[in-house]
Amino acid sequence: METTKVRLDWNTAALTDFLDNPNGEVGQHLMRELGEVVLRGAKKRALVRTGHMRDSMRMDLGTTEHGVYVDIISPVPYAVYHERKKNPRDRRPHRSLIPAVRDARKVLKASRV
């Protein structure tokens, strides 16, 4: 049986950057997964009359010097009124995004166990 020599050059700095850098591949993958959880939750909770607002919701992944972020966006102009009150006399708005963010928190807590 023939043996083959293998040389492994371990780059600790590159590995640390890959695993710990919030803008790195792992950080972006994790943020994308959490963004999908939030987007699914927001779509599930959205009020539907025509379905246009729910169907237009999307997720945009971005990075800054502080790390990776996800924007959950619905470009319809009335989407903001589902999350916030127009004036103090309005009844409580139907929120879909805030509870959806709580879904991501539950996923994070469950992963720590």
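Going by alpha carbons, how many degrees (0 to 90, nearest 10) lie between the helix axis of 97-112 and the longest principal axis of the chain? The answer is roughly 30 degrees. Only aspartates and glutamates eight or more places from K106 in sequence, or on another chain, were considered; those with a Cα closer than 16 Å are E33, E36. In this structure, the amide hydrogen of G67, modeled 1.01 Å from its nitrogen in the peptide plane, lies closer than 5 angstrom to no residue at least 5 positions away or on a different chain. Here segment 13-112 is treated with +1 on each Lys and Arg Cβ and -1 on each Asp and Glu Cβ, and its dipole about the Cα centre works out to around 1140 debye. For the residues E33, E25, E65, a GNM of the chain with alpha-carbon springs under 10 Å puts the largest fluctuation on E65. Which of R95, R40, R49 ends up with the largest GNM mean-square fluctuation for the chain, with Cα atoms connected below 10 Å? Among R95, R40, R49, the largest GNM mean-square fluctuation belongs to R49.
In percent, how large is the relative contact order of the chain, given Cα pairs closer than 8 Å and 6 or more residues apart?
Working: 122 pairs, mean separation 27.8, N = 113.
Contact order relative to length: 25 percent.
Of the residues L47, A14, I73, the one whose Cα sits farthest toward the positive end of the charge dipole of the chain, with +1 on the Cβ of Lys and Arg and -1 on the Cβ of Asp and Glu, is L47. Relative to the longest principal axis of the Cα atoms of the chain, helix 25-45 runs at roughly 20 degrees. Taking Rg and Dmax of the Cα atoms in Å as the quantity of interest, determine which of (i) 20.7, 83; (ii) 15.9, 45; (iii) 19.6, 68 was computed from the displayed structure. Structure-derived value, by its label: (i).
Any read-out appearing in this document is the output of simple, stated calculations on the displayed coordinates, not a laboratory observation. Quick caveat: nothing in here was measured; it's all calculated off a predicted structure. When we count neighbours, we look across all protein chains shown, and the Cβ atoms used for this are built from the backbone with ideal geometry, even at glycine.
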